[in-house]
Structure formats: C-alpha cells, structure tokens
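Reviewing the structure listed below.
Please treat every number below as a calculation from the coordinates, not as lab data. Nothing here was measured: the structure is a model prediction, and the numbers come from that model. We place every Cβ from the backbone using ideal geometry, glycine too, and count neighbours over all the protein chains shown.
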C-alpha cells in the first residue's frame, strides 16, 4: 500500500480522519481500529436513532430561541456545517456555529444527562481547529449543549487541548498503519453500552494482535 505524507503531521496515512474518530479513540481506541482495519460497520442502535431525532428537534428549537443560554445577545447561527482541513486531513460535521463580530463559537449537541466527558471536550476541540482553518480566526471557546437538561456547558479551547488533539491524530494514524490492536477501554464500565463489545469477547485483552496486510 502506498502511503502519502499528511501535511502538518509527522505520521503517514492514506485516509482522512474525522473529528468523531478522535472522540471514539478517547473513549476506546478499539472502536476506531474495528472501523478502519476490520471494516466493521457500527451497528445502529435505538439509542442512536433517538439521539438523531433529538438533534433534529434541538435545531428547530434553536432557530426560534435567543442566544441567552450562551451568554450572548446577538450572533448568526449556522447549522450542520461540513468542515474540512487539508493541513490536518480531517473532516467533521458540526451541529451549530455561532458567529459574532468578535468570535467564532462551535456548539455540539449531546443527548446525555451526565457531564461532558473528556472525549466530548476533545471532539469540540477538533471542531475548533476546523473552524479556525475555515474562518481564519482563533476559536477561544465552545459549548456542549446537553439536550435533556437544556443546558449549555462552556468549554475553553486551550493550546494544550489543541496539542493533545493533534497528537491523538498521530496515534490513530500510527495504529492504522501498523494494524496493531490497541488496548481496550481504561474502565470496563465503558464497555457496557458499546456496540462493539461482542467483538472483544473472544480476544485476549492483554495480548497485542498484529494483523498482516
């Protein structure tokens, strides 16, 4: 397989990654491995269908609401933005962006009742990087909007978060290039609702598997 150099990255990879890949890798790297190396299509669950319906309903409500939940008096909202970075070889579809004269603010809708996880925060960081390249303006913060609570959680986008995100892209690309099965999720509790858990059931989780080309 011929590999091509990815601009702005020290790794090699023939594919464009998504912001969602980084979110999944932070949750459990095996999800990304199964998707790309074994070409296992992620099963569609009832929870996923309900989540999509909630996202659609949230967009309709957002179009009628003020921006008070985000601490803003005015701003232009755009929905379902398809974003791409040639430099990072990265794509993502952002639920909403708020554009004001002073800043560009990504907003990601989440159908969860808990606090935003680290994987959600780094997903938002990825959207920030994509917006910065598209709009040529720095993104200093974003929001994760928790749909059940109707609450917007402000997340600062720091230089360390940007660096971590880029390093994670490199880790994913090295994993895919080597086709090495990564360790499972850090906590077994994360496996409870995982659509891929059955694929880990007959694997020695302590052993590293390398799949030949």
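Could you tell me whether region 108-123 includes any residue that is free of Cβ contacts under 8 Å to residues at least 40 places away in the same chain and within 16 Å of residue 94 (Cα to Cα)? Working first, answer last.
Of all residues in region 108-123, those free of Cβ contacts under 8 Å to residues at least 40 places away in the same chain come to 108, 110, 112-116.
When the remaining residues are screened for being within 16 Å of residue 94 (Cα to Cα), the result is 108, 110.
Yes, that holds for at least one residue.
Taking region 172-191 as the region of interest, how many residues are assigned to a loop (DSSP other than H, G, I, E, B) and on the phi < 0 side of the Ramachandran plot?
The initial filter retains those residues of region 172-191 that are assigned to a loop (DSSP other than H, G, I, E, B), namely 179, 181-187.
Filter once more, keeping what is on the phi < 0 side of the Ramachandran plot: 181-187.
Result for region 172-191: 7.
Filter region 162-186 for residues that are within 29 Å of residue 62 (Cα to Cα) and either surrounded by fewer than 19 Cβ atoms within 10 Å (Cβ to Cβ) or more than 17 Å from the chain's Cα centre (by Cα) (or both) and give the result.
Here is the first cut: in region 162-186, the residues within 29 Å of residue 62 (Cα to Cα) are 162, 165.
Across region 162-186, the qualifying residue is only 162.
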